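Novice: Pasting in a structure now, in structure tokens, and then I'll have a few things to ask.
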DNA sequence: ATGTCTTTGTGAACGCGTGCACAAAGATGG
DNA sequence: CCATCTTTGTGCACGCGTTCACAAAGACAT
């Protein structure tokens, strides 16, 4: 998962577990594909396979929504698409603003993924005067000075931050003050927000680092606990006594830079 | 979190819980910032605040790595940076390939986030002949026909997929066959891979849908279980019998489009 | 040395999420 | 109408992750 939650910790939202909510979009995508192929019904087994999850988990997830589905038959595809869409709030459309139209922001704006289902880009916003007015994804970039007005006039409650890390918290504060209560953050920073505001983050480098960890582990166990791979730079400071009890071997007491 | 894991389920990797691994990059980032400000030591309380987590959790996370830290004082910033880097495998550098240099792929390639810490973009690859040879992020795009050769010659074990959904599984298969064992997937599809291959996914629209869910819930509870907010389209279809027991109200039986 | 004060490291309890396994429900055929 | 077969919905148990709360460890002053 390339995402991290920053949320009020234990709030089981109206009986639907957070883990289930996170999977609903997955089911919805699989169901939409089936719907386009005019498949009328689908079993939990088939749908689970398409969504890449366990069928028992899928059935339990659906049980939180209600008792849709017919024993001996399966689930009605169209009906389920609607139920999940409604549960996720996709039957209304959500105007969003995107702040920070650099490389990433522009790419996101051009990405069709939003508009398709329930989301509408109300405005693209940047702080650079040179960007203002330039069309991106068929829409002129607006200046951040107008942020509050734009949010207010369009009734925006969801904001996407794609600014550099340094500007993110400041932008976040302005969004929240202007009334935004959900934020998707692409900047590599921890945002702090008041209670009642949801933040989800997408962090490329974190994802890669997690992969690197597993990659290293795979390489390591295949080669036994091989020789010392990296003691390049020497550490001048006080040797950290002897008390270290790191799990693997013992620490090299050095920093590679 | 804008990420979802697709992983062998219960493999506690060498004693370090998966949840902890996912937080290490966060700690590392906070520590690096402290290091740049030449802060020598930091307490679990301070660091936890900077990383946006609970201090007890942070201490427990670090306890899996070993007993770094001095009671009454805190943690040595430089030392901890090194230990975490080593644990994550960032003391070596990882060549990666990125497949699919469209809007998103190009933006990712330009994003400095990789190179900075342990990752090196070995090649940008696309299937479109018109793209081949064009420089993106100071590097010529190569054709996908050379995928296997590139992976082999550079010893690549991590791949990033930024292709359209339709091409993703196919690209994934080729990557895996060529020897890649970790994949970061930006395409909105579920990838299936053999055991031993790690996949992490970053999915924009899923993140937005999760936000929409919470947004809807907030709006709903603030207005009591108010009047029907959105019955714009009329549903003509067959009322689905009576047996439905959805939690809220009762089902509308149809899809708004 | 001894005492005080700070902060770590962790035992223990709790809650959430997952998966098994099965009873109940309904379809289908005779 | 009954038997059989399929598939849902869920009770239950288990394991992971989080959090509390505190003892132990060390720094620091006297």
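Here is a yes/no grid of residues against (1) within 20 Å of the chain's Cα centre (by Cα); (2) more than 14 Å from chain A (Cβ to nearest Cβ); (3) surrounded by fewer than 19 Cβ atoms within 10 Å (Cβ to Cβ):
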residue	(1), (2), (3)
B:129	no, yes, yes
B:134	no, yes, yes
B:168	yes, no, no
B:179	no, no, yes
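Novice: Is one or more of the residues making up the stretch A:53-63 assigned by TED's automatic domain parsing to the domain that holds residue A:27 and outside any helix (DSSP H, G or I)?
Specialist: Within the stretch A:53-63 (the criterion being assigned by TED's automatic domain parsing to the domain that holds residue A:27 and outside any helix (DSSP H, G or I)), the answer is yes, since at least one residue qualifies.
Novice: Sticking with this one: Filtering the stretch B:88-97 down to residues that are in contact with a strand residue (DSSP E or B) (Cβ under 9 Å, 6 or more places away or on another chain) and at pLDDT 95 or above, which residue is surrounded by the fewest Cβ atoms within 10 Å (Cβ to Cβ)?
Specialist: B:95
Novice: How many residues, within the stretch A:197-223, are at the interface with chain B (Cβ under 8 Å from one of its Cβ atoms), over 22 Å from residue B:196 (Cβ atoms) and without any contact (Cβ under 8 Å) to a residue 40 or more places away in the chain?
Specialist: 1
Novice: Within the stretch A:70-79, take every residue that is within 10 Å of DNA strand D (Cβ to nearest atom) and more than 10 Å from chain B (Cβ to nearest Cβ) and give me the one that is nearest to the chain's Cα centre (by Cα).
Specialist: A:75
Novice: Looking at (1) in a loop (DSSP other than H, G, I, E, B); (2) over 30 Å from residue A:166 (Cβ atoms); (3) in contact (Cβ under 8 Å) with a residue 24 or more places away in the chain, find the lone condition where residue A:38 falls short.
Specialist: (3)
Novice: Condition first: more than 10 Å from chain B (Cβ to nearest Cβ), more than 7 Å from DNA strand D (Cβ to nearest atom) and surrounded by fewer than 16 Cβ atoms within 10 Å (Cβ to Cβ). Now tell me which residues in the stretch A:45-69 satisfy that.
Specialist: A:57
Novice: Just to be sure I understand, how many residues within the stretch B:218-237 are assigned to a loop (DSSP other than H, G, I, E, B) and either touching a helix residue (DSSP H, G or I) at 6+ places or on another chain (Cβ under 7 Å) or modelled with pLDDT of 85 or more (or both)?
Specialist: Of the residues in the stretch B:218-237, 0 are assigned to a loop (DSSP other than H, G, I, E, B) and either touching a helix residue (DSSP H, G or I) at 6+ places or on another chain (Cβ under 7 Å) or modelled with pLDDT of 85 or more (or both).
Novice: Closer than 22 Å to residue B:201 by Cα, in the same structural domain as residue A:113 (by TED's automatic domain parsing) and surrounded by fewer than 24 Cβ atoms within 10 Å (Cβ to Cβ): which single residue out of A:198, A:152, A:173, A:145 fits that description?
Specialist: Every option except A:198 fails the conditions.
Novice: OK, next. Got a sec? Which of B:28, B:24 is within 16 Å of DNA strand D (Cβ to nearest atom), surrounded by 20 or more Cβ atoms within 10 Å (Cβ to Cβ) and within 11 Å of another protein chain (Cβ to nearest Cβ)?
Specialist: After ruling out the rest, the residue left standing is B:24.
Novice: If you don't mind, there's one more thing I want to ask. Could you run through the stretch A:64-87 and say how many residues are assigned to a helix (DSSP H, G or I) and either in contact with a strand residue (DSSP E or B) (Cβ under 7 Å, 6 or more places away or on another chain) or within 15 Å of DNA strand C (Cβ to nearest atom) (or both)?
Specialist: Qualifying residue count, the stretch A:64-87: 4.
Novice: Taking the conditions exactly as written (away from DNA strand D (no atom under 13 Å from the Cβ), at the interface with chain B (Cβ under 9 Å from one of its Cβ atoms) and surrounded by 19 or more Cβ atoms within 10 Å (Cβ to Cβ)), does residue A:100 satisfy them or not?
Specialist: In short, no.
Novice: Same structure, new question: Return a yes/no flag: does the stretch A:6-25 have any residue that is under 30 Å from residue B:112 (Cβ atoms), within 13 Å of DNA strand C (Cβ to nearest atom), at pLDDT below 95 and in contact with a strand residue (DSSP E or B) (Cβ under 8 Å, 6 or more places away or on another chain).
Specialist: yes
The values are calculated or read from the model by the stated rules, or taken from the named source; none is laboratory data. Bear in mind the structure is a predicted one, so any value in this text is a computation, not a measurement. Note: ideal-geometry Cβ built from the backbone for every residue, glycine included; neighbour counts use all protein chains shown.
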